[in-house]
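Everything on this sheet refers to the single structure shown next.
The values are calculated or read from the model by the stated rules, or taken from the named source; none is laboratory data. None of the values given here were measured: they were computed from a predicted structure. Note: ideal-geometry Cβ built from the backbone for every residue, glycine included; neighbour counts use all protein chains shown.
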4 protein chains.
Amino acid sequence: MALRWLTAGESHGPGLVGIITGLPAGLEIWPGRIDAELLRRQRGAGRSKRQQIERDTATIIAGVRHGKTIGSPVAILIENKDHQNWKEAMSSDPVEDESVFPPAYPRPGHADLAGMIKWGFDDARNVLERASGRSTAMTVALGAVCRTYLEQHGIYTGSRIIEYGGVRIFDIEESMVPTRAEIGDDPSMLTSLHELENEQQKKINEIVERARESGETLGGVMQAISAHVPPGLGSCVLPDERLDSRIAAAAMGIPGVKAVELGAGMSQAGIGGKNAHDRFALSDDPSHEPWYGRLSNLAGGIEGGITNGEPVCVTAWMKPLATVNPPLPSIDLRTKEPVQPESSERSDVSAVEAMGVVLEAVVALELARAHLDM
Amino acid sequence: MALRWLTAGESHGPGLVGIITGLPAGLEIWPGRIDAELLRRQRGAGRSKRQQIERDTATIIAGVRHGKTIGSPVAILIENKDHQNWKEAMSSDPVEDESVFPPAYPRPGHADLAGMIKWGFDDARNVLERASGRSTAMTVALGAVCRTYLEQHGIYTGSRIIEYGGVRIFDIEESMVPTRAEIGDDPSMLTSLHELENEQQKKINEIVERARESGETLGGVMQAISAHVPPGLGSCVLPDERLDSRIAAAAMGIPGVKAVELGAGMSQAGIGGKNAHDRFALSDDPSHEPWYGRLSNLAGGIEGGITNGEPVCVTAWMKPLATVNPPLPSIDLRTKEPVQPESSERSDVSAVEAMGVVLEAVVALELARAHLDM
Amino acid sequence: MALRWLTAGESHGPGLVGIITGLPAGLEIWPGRIDAELLRRQRGAGRSKRQQIERDTATIIAGVRHGKTIGSPVAILIENKDHQNWKEAMSSDPVEDESVFPPAYPRPGHADLAGMIKWGFDDARNVLERASGRSTAMTVALGAVCRTYLEQHGIYTGSRIIEYGGVRIFDIEESMVPTRAEIGDDPSMLTSLHELENEQQKKINEIVERARESGETLGGVMQAISAHVPPGLGSCVLPDERLDSRIAAAAMGIPGVKAVELGAGMSQAGIGGKNAHDRFALSDDPSHEPWYGRLSNLAGGIEGGITNGEPVCVTAWMKPLATVNPPLPSIDLRTKEPVQPESSERSDVSAVEAMGVVLEAVVALELARAHLDM
Amino acid sequence: MALRWLTAGESHGPGLVGIITGLPAGLEIWPGRIDAELLRRQRGAGRSKRQQIERDTATIIAGVRHGKTIGSPVAILIENKDHQNWKEAMSSDPVEDESVFPPAYPRPGHADLAGMIKWGFDDARNVLERASGRSTAMTVALGAVCRTYLEQHGIYTGSRIIEYGGVRIFDIEESMVPTRAEIGDDPSMLTSLHELENEQQKKINEIVERARESGETLGGVMQAISAHVPPGLGSCVLPDERLDSRIAAAAMGIPGVKAVELGAGMSQAGIGGKNAHDRFALSDDPSHEPWYGRLSNLAGGIEGGITNGEPVCVTAWMKPLATVNPPLPSIDLRTKEPVQPESSERSDVSAVEAMGVVLEAVVALELARAHLDM
């Protein structure tokens, strides 16, 4: 059965819920693994103190027995620890007087205004509670399950920072799009790819501190790499079966992501065809194993929508968070008059590193789906 | 019913077939409109002579009666005029002796090798016939039907060249991501957006000529713009319902496309949050109509996965065609030995402009799907 | 967006989880309504004492704020109160020694053996925990949400017993497949259609008592009726868009259901075409409103896969429960030797009436999906 | 990739089109096989002379090369030979004067009226052209492709008449729901299951002749049997993954089918649980192969939505055709006045046997889909 999933949950509601079905039976799952990924998502420079206080934990409600999947849908619940402060504002029960909950104003850069027009709300909260980075916690949880599946097939995924707040972080001497040969025999090293050198960490901390002082927020560029992906995942026969198409959808579906690149796609577009493609490795080294290797990986591991055995490399651009201080001018939809919202006190300066964790998760979901479809 | 479609057809088989279902009844469709888009796809600098000789025409087999859809699935057939030269090589009937059809060798940059491994072929033709730019003719035909639907709702789409073979073509003085106000009241002007100034055309012709002489191929960057899209298309509540996610999937599903950007997404990632978002127009001009306008369109018309009323702007990077001259070294899969294929005689130097037409088509398909889902 | 849903949850796990997305915003939902349907499902003749002790309640985790949907996915949790007795046997955490949990033996009539072969288990519990009537509690909960939607559009659904344990219960003088005219202007009466006359209740109690004494179980035949369904739901243009096809799928998807009939479908098959179709009411009564009425409803409200405005009538046959006393002979999959399981102490004699509630729910889910697709 | 398909085509349009994707590469397909099934569909008692004159043939447009699938979507075209008489009435080109094509009146028992209300037509032809038994020719063609796949895995399907025009045809001494043991080692015998004894044929001819004379039409009951289906197809974990649910949907999606039964489902509902389930064969005959056999097959080969290794037996009830002579009274939707249509000259008295062929096809499509999903 095809892998499919649904998620639900508001940012300040009781919790987040996810169901994923189509996983094989016998897959070893342990809650600690999911929680480790949830913790990674909460860390990183530029996060608010809330992220440090609340630690997300996943509760498996269904689909796993004695540490192994049993073929039935896996259901996961992540409680929102902050919900206790929002019990009435976010209650599912009817309330007598809505006016005690003053409407939130729409913020440029969020789904707020578009959603309010779509659904006819005059309170942005009805939109922003779901259209929130909070929802990505469940994406990471489901992705962790898929990572477990992939790792049991020898496939590992990691991510690294390319740019942070407009500043290049990625070490220019490293290979931007590594080949399988460069990754080597042990792809599990990718799981620590996100760890930063002291130098890099210092640079990021400075950028973040400067932004925090001026009420600014920051975006960035992250790259996810999956290695030892076997050739043949995805398909070239229909656009919606192409793995590059599905990965692009998954990456662009992450809140804040505005651009996606496979391999060295953008620079490929500017050079001639003779140098823009990854030559077969066979001619240079007949003993090369596996035999289908390449001398470069500009394609990012996918040609014609199908994996070619080289590492799958995906780069995503994330815009800065839209919650700046003081907030951008807004509008009161009941009157269609401009309004200046009050300052928000506690918020993230940046979620770039978290976005990298989410990017790994969505790539893992798509790789697992394609692997199970083979 | 949800809009859905399937396509089929090999590059040198009898023809291409497409079925699209979920269109409303009463939509006016005329074959000339589809053919006009098919013609645009065949034109452009860098195309081979084959494109000039064969002109694609669409035959409507089902779903349209007396110029209007009747609610049933629309089926379109585009014959491959070159099929007469391939009748035996591409026959669906069994053949006595396969060996009279020498196997094609896999080309780096195509689905060839990945597909051969996937399906266990030793003849690349079994992969390359479907994994071909030829398939995009049907995408353009289905897109033309959707454009008709959208235009009857006042929504128009066009595309323009940003870069060609590494050279900037786009006039830097124009707005890279126009607002609705900049587009103005008549978005039908977008349908001639692809027309080039003499200066631009001359520049492209030179680039192409130089490439042709050296056996090179060229990629490029195209941008599609759809204007007067109402707010509320797509959804923020699930990643796979986000319109930005679906458009990214559609664009990356075009053969050769390796990167996709919404609006000014990449430059957004490098600036602070205060300047990276599109402020509501209301505060500056209370008489502005429609009231939900913006002062800029960095987001490319989509926030949180939902259209906000501003033009939807999508940019796609296309790598150069993989068929260079002489061809890149290949491999014989029966022996796993290197092989040098003979020169291909007739081929395109570039399909950048055609890709722009396909980009318009896939954006139209997704906008129509989202519009019908509202 | 299309209405879609997923459910999860084992019979003795922590609980059942359901997510449904695609509902409009502003739909009034209140937990009491869902619980009322859950209670109906637990009642009826032939239920075990467990059903009487445990009362299911639905907790809304997401998608509803202050009594109204907000456009985001609705998530529901139903706790399994019996889980406290199964904490170790059904724990998702790994266990040191699996042997303390003796394997369950497969029971003829259940998914047990087929599932064990499918997934390679030797413990039937890994199959039977999900393939259980317990899962229908969540179906009823999601159906209750859809009933709320439908009722706000004037559409009501009820069900009645046709046969119970081989004995005709349905009063032969009533119309087997009522027309809209027979239902009248107020279809909300259907919600009490399941209520039994004293005579009928007495008859059923006797049948059940006799079965319980002999360790037998009973099946039956239930009919669901939905009235004031507008014409035009579903479609004739593709088999998988036909509403009769979707309702048949939904009904046959209920555990234990083995046959489904629309309207008077079986008797239609045996009579001539002149009497087998529902004549237009117009000729006999020009003042009839709505004008599209029929003189009979043999078709059960659906012609060519589309609702015609007459009540949608679906009949489902349910086989008796497979857990008899003493149990049927089984097999030990570790040895492939026959085995005689011990008597089960507490179990239902019949779930016919519960199945009727589930049938109402699945019909409501499909009607809501089709109504939202219009 | 999941098996999926779309079909298109009006009854008197240029032809029928079908696309099916997800088939493996290397599957041997030959046009004669498809045509043989198309011929079976056109034969049988009660067919009009048109069926005898026009013989359907399938043209493979895509997805098959040199007698084998190549992994790409398979596209099939079946021309409508009668289209030459309908070129103008069914032209996709706009017409100057619609009034030269008098509107068809809606017929009770067809999608006509429901479809006209749904789409706002006043000409029933816009509905009836698609909502026609003609569309099942493509279903049979796609089913033939799937039968080829299944037969290459040892799975065969056939069908037989149970009732014809209300008269029992099925020989009561045969097993109504055969076990795998009764089918024996060679299931290919099922492909001649539809062949009738002289006695049976004579009885049917008489029934049909009598009906034809009185302008009547006839329905009937057909049963499809698939044998040597391995255990484990389908799933119990979600209703929409159950194979019984999918087969019910497929059968009820055939025009005219109004009821569906798995195995001996209806009689199961009326007996006690001890006799209503299929005991494991192991206890009685330890040498029985395969070891998972059953002593009976009341379940029709599917338990809990999963195949159990026994033959899959599906029975479908088809109402009589709605085109009787003289036609049933109709209505003119432009005036909402009653109208008596003129007699139709040439039409089928019955399509019961054809429906059996279609039933085989849709069962094959679902079995192939489930087999590929394993």
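What the table shows:
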| item | result |
| --- | --- |
| Condition broken by A:Glu289, with the remaining ones in (1) in contact with a Lys or Arg (Cβ under 9 Å, 6 or more places away or on another chain); (2) part of a loop (DSSP other than H, G, I, E, B) satisfied | (1) |
| Within segment C:302-350, strands (runs of 3 or more DSSP E) holding 3 or more residues that are under 18 Å from the mean Cα position of the chain (by Cα) | C:312-318 |
| Contacts under 7 angstrom Cβ, first residue in segment C:332-359 being modelled with pLDDT of 95 or more, partner acidic (Asp, Glu), 6 or more apart | C:Val357/C:Glu37 |
| Residues of segment D:146-205 classified as within 24 Å of D:Leu365 (Cα to Cα) and hydrophobic (A, V, I, L, M, F, W, C), total | 11 |
| Total residues in segment C:102-122, condition part of a loop (DSSP other than H, G, I, E, B) and either in contact with a strand residue (DSSP E or B) (Cβ under 6 Å, 6 or more places away or on another chain) or not charged (D, E, K, R) (or both) | 11 |
| Subset of segment D:324-374 (residues that are acidic (Asp, Glu) and under 30 Å from D:Glu37 (Cα atoms)) | D:Glu345, D:Asp348, D:Glu353, D:Glu360, D:Glu366, D:Asp373 |
| Filter result for the condition that a residue is more than 9 Å from chain B (Cβ to nearest Cβ), touching a residue at least 60 places away in the same chain (Cβ under 8 Å), on the phi > 0 side of the Ramachandran plot and not charged (D, E, K, R), over A:Gly293, A:Gly301, A:Gly305, A:Gly309 | A:Gly301 |
| Of all residues making up segment D:213-249, the number that are assigned to a helix (DSSP H, G or I) and at the interface with another protein chain (Cβ under 7 Å from one of its Cβ atoms) | 8 |
| So B:Ser344, is it surrounded by 19 or more Cβ atoms within 10 Å (Cβ to Cβ), within 20 Å of B:Gly215 (Cβ to Cβ), of a type in the set (Gly, Ala, Ser) and out of contact with any helix residue (DSSP H, G or I) (no Cβ under 8 Å at 6 or more places or on another chain) | no |
| Flag for D:Gly143 being touching a residue at least 60 places away in the same chain (Cβ under 8 Å) and in a helix (DSSP H, G or I) | yes |
| Filter result (outside any strand (DSSP E or B), closer than 14 Å to B:Thr136 by Cα and either facing chain D (nearest Cβ under 9 Å) or among the hydroxyl-bearing types (Ser, Thr, Tyr) (or both)) within segment B:50-84 | B:Thr57 |
| The lone exception for C:Asp112 - which of (1) of a type in the set (D, E, K, R); (2) under 22 Å from C:Gly9 (Cβ atoms); (3) more than 14 Å from chain D (Cβ to nearest Cβ) it fails | (3) |
| Hits in segment A:28-49 (condition: within 14 Å of chain C (Cβ to nearest Cβ) and of a type in the set (D, E, K, R)) | A:Glu28, A:Arg33, A:Asp35 |
| Residues (in contact (Cβ under 8 Å) with a residue 40 or more places away in the chain and of a type in the set (Gly, Ala, Ser)) located in segment C:176-208 | C:Ala181 |
| Yes/no for A:Asn297 being in a loop (DSSP other than H, G, I, E, B) and crowded, with 19+ Cβ neighbours inside 10 Å | yes |
| Segment C:160-188: number of residues that are touching a strand residue (DSSP E or B) at 6+ places or on another chain (Cβ under 8 Å) and either buried (at least 18 other Cβ atoms within 10 Å of the Cβ) or in a helix (DSSP H, G or I) (or both) | 14 |
| Conditions (1) touching a strand residue (DSSP E or B) at 6+ places or on another chain (Cβ under 7 Å); (2) more than 8 Å from every other protein chain (Cβ to nearest Cβ): number failed by B:Ala25 | (2) |
| All positions within segment D:126-159 that are buried (at least 22 other Cβ atoms within 10 Å of the Cβ) and of a type in the set (D, E, K, R) | D:Glu129, D:Arg130, D:Arg147 |
| Flag if D:Ile70 is of a type in the set (A, V, I, L, M), within 25 Å of the chain's Cα centre (by Cα) and crowded, with 23+ Cβ neighbours inside 10 Å | no |
| Residue in segment B:263-274 that is more than 30 Å from B:His110 (Cβ to Cβ) and more than 7 Å from chain A (Cβ to nearest Cβ) present | yes |
| For A:Ser99: the one exception among (1) farther than 20 Å from B:Pro239 by Cα; (2) in contact (Cβ under 8 Å) with a residue 12 or more places away in the chain; (3) part of a helix (DSSP H, G or I); (4) hydroxyl-bearing (Ser, Thr, Tyr) | (2) |
| Failed item, numbered, when A:Ala281 is tested on (1) in contact (Cβ under 8 Å) with a residue 24 or more places away in the chain; (2) facing another protein chain (nearest Cβ under 9 Å) | (2) |
| Qualifying residue in segment B:196-216 (condition: within 25 Å of B:Ser350 (Cα to Cα), touching a helix residue (DSSP H, G or I) at 6+ places or on another chain (Cβ under 7 Å), modelled with pLDDT of 95 or more and buried (at least 21 other Cβ atoms within 10 Å of the Cβ)) | no |
| Residues satisfying the stated conditions in segment C:1-28, i.e. crowded, with 23+ Cβ neighbours inside 10 Å, in a loop (DSSP other than H, G, I, E, B) and at negative phi | C:Glu10, C:Gly13, C:Pro14, C:Leu23 |
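Residue-wise test of (1) hydrophobic (A, V, I, L, M, F, W, C); (2) crowded, with 17+ Cβ neighbours inside 10 Å; (3) touching a Leu at 6+ places or on another chain (Cβ under 7 Å).
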residue: C:Ala62; (1), (2), (3): yes, yes, no
residue: C:Asn85; (1), (2), (3): no, no, no
residue: C:Met90; (1), (2), (3): yes, yes, no
residue: C:Asp97; (1), (2), (3): no, no, no
residue: C:Ala104; (1), (2), (3): yes, yes, yes
residue: C:Gly109; (1), (2), (3): no, yes, no
